[in-house]
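Chemist: Pasting in a structure now, in C-alpha cells, and then I'll have a few things to ask.
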Amino acid sequence: MKIILRKDVATLGDAGEVVTVKNGYANNYLIPQGYAIRATEGTLKALETERQQQARKIELQRKSARELATKLEQMTLKVPAKSGESGKLFGTVTAGDIAEALKAQGVEIDRRKIQLEAPIKALGKYEADAKLFMDISAKLSIEVEAEGAGEG
C-alpha cells in the first residue's frame, strides 16, 4: 500500500515522503497513530499544493530576513551599561541586553539567536552575529556606552 508520511518515521522516511508498506502495517499502526495517510490521487495533489505553499512561505521569510539583515548591518546599536571610572563594566553586556536594545529600535530578535564572540565586560565597540533565518545572518555593530554619563 502506498502511503504519505505525516511525521518522521525512523525506519521509513521523513514527513511528506510517499512510501510503500505492507497493508497491515499501514492499516493497523501507521494510519491510526497519525504517522501516515493513504496515498490517493486527491491526497497526492494536496501534498503537492502544500509543498508549493511551504516553498512560497519560506521564500517570503528569506526575503524579509535579507531586508532585516541589510537594515541591521547599517545601524550601530548603542547599549547603555553601568561602569566604573576605568571603563570596566559592573557585570557584562549579554545577548539579552542586546536583544532589549534592538527591541527599543523596533527590531525583535530572540536573544538565543545573537552570538557574541566573548562576554562584553568593558566600554567600547563590539560586533556580534545575529542568525535571522536558516542561512541568513547579520553582523551587529554594538557600542557599549556608560549609563548616565555626566552624573555623579
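The values are calculated or read from the model by the stated rules, or taken from the named source; none is laboratory data. Computed from a prediction, not measured in an experiment: that's the story for all the values here. Glycine gets a Cβ as well: all are built from the backbone with ideal geometry, and neighbour counts include every protein chain shown.
Chemist: Please go through (1) of a type outside the set (D, E, K, R); (2) part of a strand (DSSP E or B); (3) free of Cβ contacts under 8 Å to residues at least 60 places away in the same chain for residue 60 and return the number of the only condition it doesn't satisfy.
Modeler: (2)
Chemist: Only residues that are under 14 Å from residue 138 (Cβ atoms) and surrounded by fewer than 12 Cβ atoms within 10 Å (Cβ to Cβ): list them for segment 68-99, please.
Modeler: 70, 74, 76
Chemist: Going by what's in this entry, would residue 33 be described as closer than 28 Å to residue 133 by Cβ and either touching a residue at least 24 places away in the same chain (Cβ under 8 Å) or not assigned by TED's automatic domain parsing to the domain that holds residue 134 (or both)? Before you say what the answer is, go through the steps one by one.
Modeler: On the way: closer than 28 Å to residue 133 by Cβ: no; either touching a residue at least 24 places away in the same chain (Cβ under 8 Å) or not assigned by TED's automatic domain parsing to the domain that holds residue 134 (or both): yes.
So residue 33 does not fit the description; no.
Chemist: So which pairs qualify, if the first residue must be in segment 95-111 and in contact (Cβ under 8 Å) with a residue 24 or more places away in the chain, the second must be exposed (fewer than 12 other Cβ atoms within 10 Å of the Cβ), the Cβ gap must be under 8 Å, and the two must be at least 6 apart or on different chains?
Modeler: Correct list of pairs: 95/112; 102/108.
Chemist: Quickly run through segment 17-57 and pick out the residues that are part of a loop (DSSP other than H, G, I, E, B) and surrounded by 10 or more Cβ atoms within 10 Å (Cβ to Cβ). Can you show your working first?
Modeler: So in segment 17-57, the residues part of a loop (DSSP other than H, G, I, E, B) come out as 17, 21-22, 31-35, 39-40.
Across segment 17-57, the qualifying residues are 17, 21, 31, 32, 33, 35, 39, 40.
Chemist: Scan segment 41-59 for residues that are farther than 23 Å from residue 133 by Cα and either touching a strand residue (DSSP E or B) at 6+ places or on another chain (Cβ under 9 Å) or not hydroxyl-bearing (Ser, Thr, Tyr) (or both) and jot them down.
Modeler: Of all residues in segment 41-59, those farther than 23 Å from residue 133 by Cα come to 41-49.
Across segment 41-59, the qualifying residues are 41, 42, 43, 44, 45, 46, 47, 48.
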